[in-house]
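Right, one structure below, let's go through it.
The values are calculated or read from the model by the stated rules, or taken from the named source; none is laboratory data. This structure is a prediction, so every number in the text was calculated from the model and none was measured. Here the Cβ is made from the backbone with ideal geometry for all residues, glycine too, and neighbour counts use every protein chain on show. Note: areas computed on protein heavy atoms with side chains; ligands, DNA, RNA excluded. Shrake-Rupley method; radii C 1.70, N 1.55, O 1.52, S 1.80 Å.
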Amino acid sequence: MILGGLPRSGITLLASLLNKDADIYVTTTSPFVEVLYRNYSLWNDPDYQPDFDTDNMRHAKIPFLQGMTKEYYKQLTTKRFVIDKRRQWQNVANIEMYRAVYGELPKIICPIRSVPEIITSYKTLYAKNNREWNYEELKDNKFETSYFDLAEGYKKYPDCFLFVEYDDLVDDTLSTLGRVYKFMNLTMPKQELG
């Protein structure tokens, strides 16, 4: 399971709430999508093609990547369910890589918020840190990349996504968590998480 979404939209809040569940571990901002991509793409790298051009090596790719995944998360937690937190997962190429490696499309939980509210939140954050507001800093990975990756990912694979409105998460936390648990096919603990 994946936690993606838009910046300044409640990703950290939702991760904190889910981490209260004894069976769920939500990573901090995780490098795993990049670790997986580099290993996944190595099999098709022309510089290494001769090394991987045997039946044994071709058949080893997916079991190796699945085993690497289990070992990676085993080093982080003993909890039964892991949610990897990284907005890059919502990129179409990464969704397709996930499907190729794990045999199914990912479930991506996406906290979202209106663009004006995101910008207002950034401006407030800049003011608190005595920094001058500069919209140019929202380019690339700060905001634009996440926004366009989410739009394209949703357009191609809408069933992968659960959108979680920031206001719903804040104002109706328990019902919103109920939707998240239902999307993950997990039972929400009886004790209050919110």
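Taking amide H positions as modeled 1.01 Å from N, with prolines and chain starts lacking one, no residue 5 or more places away or on another chain lies under 5 Å from Asp21. Summarising the overall dimensions of segment 1-132 from its C-alpha atoms, the Rg and Dmax are 18.1, 59 angstrom. Taking 37 °C and 0.692 mPa s as conditions, segment 27-83 diffuses translationally at an estimated 257 µm²/s according to Stokes-Einstein applied to its Kirkwood radius (Cα pairs). Cβ-Cβ distance of Asp45 and Asp171, R₀ of 35 Å, FRET efficiency by 1/(1 + (r/R0)^6): the value works out to about 0.10. When you work out D = kT/(6 pi eta Rh) for segment 59-114 at 20 °C and 1.002 mPa s, using the Kirkwood radius from C-alpha pairs as Rh and the Stokes-Einstein form, the result is 167 µm²/s. Orientation-averaged projection of segment 73-194 equals 9.8 nm² [convex hull of Cα atoms, one quarter of hull surface area].
Looking at segment 114-176, the GluC sites (Glu not before Pro) that sit in a DSSP loop and have at most 11 other Cβ atoms within 10 Å of their own Cβ are Glu132. Computing the accessible area with a 1.4 Å probe over protein heavy atoms, can you report the carbon and sulfur percentage for the chain? Roughly 50 percent, rounded to a whole number. Per-residue ellipticity at 222 nm from helix content only, as computed over the chain with -39500 (n - 2.57) for each DSSP H run of at least four residues, stands at -15000 deg cm²/dmol.
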